[in-house]
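Novice: Next up is a structure, given as structure tokens.
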Amino acid sequence: MSVALITGAASGIGKAIAHLFVEKGASVVLADIDDAQGRALEAELQSRSGRALFVHCDVANPQHHQQAVDEALRTFGRLDVAVNNAGIAGQGGPTAQYPIDEWQRIIDVNLSGVFYGLRAQLPVMIQQGSGSIIVVSSILGAVGFAGAPAYTAAKHGLLGLVKAAALDHSSQGVRINAIGPAFIDTPMIAGIVQDPVVAQVVTGKHPIGRLGRPEEVAQLVHFLSSDLSSFITGSFFPIDGGYLAQ
């Protein structure tokens, strides 16, 4: 039975991943900064399987990642999968006027937060001789987006980090890949799509004609965590309804 650690697990894509992994028989460590929603999800999953543990985790804090890994080992005895999913959209604005403190906040969470996760997760998997790490980047890891310099830079940075880490550690039995969701129907974009006009514009950016669903992203993550993807590492997988094909 596999053990999976998921950051940003309390809502959106992370929550869908947690549900699917439990459905597939995994034990899950739910790492999130939102204690209330995290504990609610823990209770919900425990009522089904008894194999869920919530840990408070601010991904911008390296010590929190180590504590999450330690709790996974203490409770479940191993760590087979890590899904570095937590991220923030942050403030928008043109590069020339972009606030420096907001730049730092987004880089701290969306880029450094994943590096800190890898630093805590990799030693355990290397010692085991096996493991799969999935990093949630974005379509904006592959293309630019006006008014989002920090978010775009961070998500681009994740792809370089994944490639370097995969080259460093794939020979030690650990696979590391990134995924690139487009606009997914989650709380992160709820404020944007409340306006019907904006919702129509955002939806129209996807040739498939709709937003993605968290459950669809979860299926890709599960594939990359499984032995079905045993020869895949250092790669980037868009899940974008055709967004990047344009």
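Novice: Applying the selection to segment 129-171, what residues are aliphatic (A, V, I, L, M), within 19 Å of residue 117 (Cα to Cα) and part of a helix (DSSP H, G or I)? Can you show your working first?
Specialist: Taking segment 129-171 as the starting set, the residues that turn out to be aliphatic (A, V, I, L, M) are 133-136, 139-140, 142-143, 146, 148, 150, 153-154, 158-159, 161-162, 164-167.
Narrowing the set further to residues that are within 19 Å of residue 117 (Cα to Cα) leaves 133-136, 153-154, 158-159, 161-162, 164-167.
The answer is 153, 154, 158, 159, 161, 162, 164, 165, 166, 167.
Novice: What number of residues in segment 201-217 are assigned to a helix (DSSP H, G or I) and either of a type in the set (D, E, K, R) or touching a Lys or Arg at 6+ places or on another chain (Cβ under 9 Å) (or both)? Steps first, answer last, please.
Specialist: Of segment 201-217, the ones assigned to a helix (DSSP H, G or I) are 201-204, 214-217.
Now drop any that are not either of a type in the set (D, E, K, R) or touching a Lys or Arg at 6+ places or on another chain (Cβ under 9 Å) (or both), which leaves 203, 214-216.
Looking only at that region, the number is 4.
Novice: Run residue 40 past the list (1) within 20 Å of residue 219 (Cβ to Cβ); (2) out of contact with any Ser or Thr (no Cβ under 9 Å at 6 or more places or on another chain); (3) of a type in the set (A, V, I, L, M, F, W, C) and report the number of the one that doesn't hold.
Specialist: So the condition that residue 40 fails would be (1).
Novice: In addition: Out of all the residues in segment 85-106, is one or more touching a Ser or Thr at 6+ places or on another chain (Cβ under 8 Å), touching a residue at least 24 places away in the same chain (Cβ under 8 Å) and among the aliphatic types (A, V, I, L, M)?
Specialist: Yes - at least one qualifying residue is present in segment 85-106.
Novice: Now a separate question. Of the residues that make up segment 172-194, is at least one of a type outside the set (Asp, Glu), assigned to a helix (DSSP H, G or I), out of contact with any Leu (no Cβ under 8 Å at 6 or more places or on another chain) and at pLDDT 95 or above?
Specialist: yes
Novice: I've got another one for you. If we keep just the residues of segment 37-52 that are surrounded by fewer than 21 Cβ atoms within 10 Å (Cβ to Cβ) and of a type in the set (A, V, I, L, M, F, W, C), which is farthest from residue 75 (Cα to Cα)?
Specialist: This residue is 40.
Novice: Could you please find all residues in segment 1-36 being crowded, with 24+ Cβ neighbours inside 10 Å and of a type in the set (Val, Ile, Thr)?
Specialist: Answer for segment 1-36, where residues must be crowded, with 24+ Cβ neighbours inside 10 Å and of a type in the set (Val, Ile, Thr): 6, 7, 13, 17, 28, 29.
Novice: Consider residue 5 against the criteria (1) under 14 Å from the mean Cα position of the chain (by Cα); (2) of a type outside the set (Val, Ile, Thr); (3) outside any strand (DSSP E or B): it satisfies all of them except one. Which criterion is unmet?
Specialist: (3)
Novice: Here are some residues: 208, 189, 184. Which one is of a type in the set (A, V, I, L, M, F, W, C) and crowded, with 21+ Cβ neighbours inside 10 Å?
Specialist: Working: 208 fails: crowded, with 21+ Cβ neighbours inside 10 Å; 189 fails: crowded, with 21+ Cβ neighbours inside 10 Å.
Only one candidate passes the filter, namely 184.
The values are calculated or read from the model by the stated rules, or taken from the named source; none is laboratory data. Here the structure is a predicted model, which is why all the values come from computation and not from measurement. Neighbour counts run over all protein chains shown; Cβ positions are idealised from the backbone, glycine included.
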